[in-house]
Amino acid sequence: MTALDRLKDDHKLIKRYLDNLFIAHDFLVEREAVPASVFEKTLDFSKNFMNKYHHFREEYVLFLKLAEKKGGTIDPQIVSLRDQHERSRELVSRIKEALKGYKSNDEVAFSRLAENVGYYVSLERQHVNRENHVFYPMAEEAFSDDEMAEFDAEFDKIEKKQGGDSFDKAVKLVESIEADMKQKFGAVYRDRYDKLVSERGHKK
């Protein structure tokens, strides 16, 4: 499995996570209370998997090397991707702030949480799609097998430094989010999730 394969696997898990947040957002818009634990785990997933693990490997290995390989010709696009990462972090901070009031049944916080979760899901879906269809194919064309092997080694170092189980922990976190949603919303959640997965053309 190459470094790009590993990033693509990350994206599959992130899509699954975003599908659950999309449904959670729909419930919020309908003024249905979603368990606070769903959003607490969202904060955990974003911080420890997306930022510290996935985005770190993109920004400090793949994007850096791709920009060097292209001799500066794609620097504006790379800056744009990094800006999206930063925008994502800002939205997660807003979700964290709104969650405090949400737990206390504050109506303004409820609305702010719904708004920022919606923005977050939209941004991340666009971002993942852009990387999958533009930047990852560009990297596959740009780098030799030997260069990819060097990226693999860099990824291994990062993973080891972070404990070696970041992906497995993230899978369990998404499974826990799904369990919370199933417990609260039952068949309604399952039907919405199945429909969403079918429409998006990917499986859990």
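The values are calculated or read from the model by the stated rules, or taken from the named source; none is laboratory data. Everything numeric here is computed off the predicted structure, so don't read it as measured data. In this analysis, Cβ positions are derived from the backbone assuming ideal geometry, glycine residues included, and neighbour counts consider all displayed protein chains.
Candidates are the residues of segment 34-87 that are within 23 Å of Met148 (Cβ to Cβ) and not in a helix (DSSP H, G or I); the one that is nearest to the chain's Cα centre (by Cα) is Ile74.
On the stretch given as segment 5-18, residues that are under 14 Å from Phe155 (Cα atoms) and either crowded, with 18+ Cβ neighbours inside 10 Å or of a type in the set (Lys, Arg) (or both) total 4. Based on this model, can you work out whether Glu199 counts as without any contact (Cβ under 8 Å) to a residue 24 or more places away in the chain, buried (at least 17 other Cβ atoms within 10 Å of the Cβ) and of a type outside the set (Val, Ile, Thr)? The answer is no for Glu199.
Considered as a group, the residues in segment 154-172 that are touching a residue at least 24 places away in the same chain (Cβ under 8 Å) and of a type outside the set (Asp, Glu) include one that is surrounded by the most Cβ atoms within 10 Å (Cβ to Cβ), and that residue is Ala170. As a summary of the residue check, Glu58 satisfies the conditions (1) loosely packed, with under 14 Cβ neighbours inside 10 Å; (2) acidic (Asp, Glu); (3) more than 30 Å from Phe27 (Cβ to Cβ) except for the one numbered (1). Candidates Lys65, Lys70: the one that is within 28 Å of Lys12 (Cβ to Cβ) and buried (at least 16 other Cβ atoms within 10 Å of the Cβ) is Lys65.
The residue list Gly101, Gly118, Gly186 contains one member that is part of a helix (DSSP H, G or I), of a type outside the set (S, T, N, Q), buried (at least 17 other Cβ atoms within 10 Å of the Cβ) and modelled with pLDDT of 95 or more, which is Gly118. Please determine whether any residue of segment 74-83 is loosely packed, with under 15 Cβ neighbours inside 10 Å, charged (D, E, K, R), under 30 Å from Ala36 (Cα atoms) and in contact with a Phe, Trp or Tyr (Cβ under 8 Å, 6 or more places away or on another chain). Scanning segment 74-83, I find at least one residue that is loosely packed, with under 15 Cβ neighbours inside 10 Å, charged (D, E, K, R), under 30 Å from Ala36 (Cα atoms) and in contact with a Phe, Trp or Tyr (Cβ under 8 Å, 6 or more places away or on another chain), so the answer is yes.
Does Leu21 satisfy the criteria of being surrounded by fewer than 20 Cβ atoms within 10 Å (Cβ to Cβ) and either free of Cβ contacts under 8 Å to residues at least 12 places away in the same chain or part of a helix (DSSP H, G or I) (or both)? For Leu21, the condition - surrounded by fewer than 20 Cβ atoms within 10 Å (Cβ to Cβ) and either free of Cβ contacts under 8 Å to residues at least 12 places away in the same chain or part of a helix (DSSP H, G or I) (or both) - is not met.
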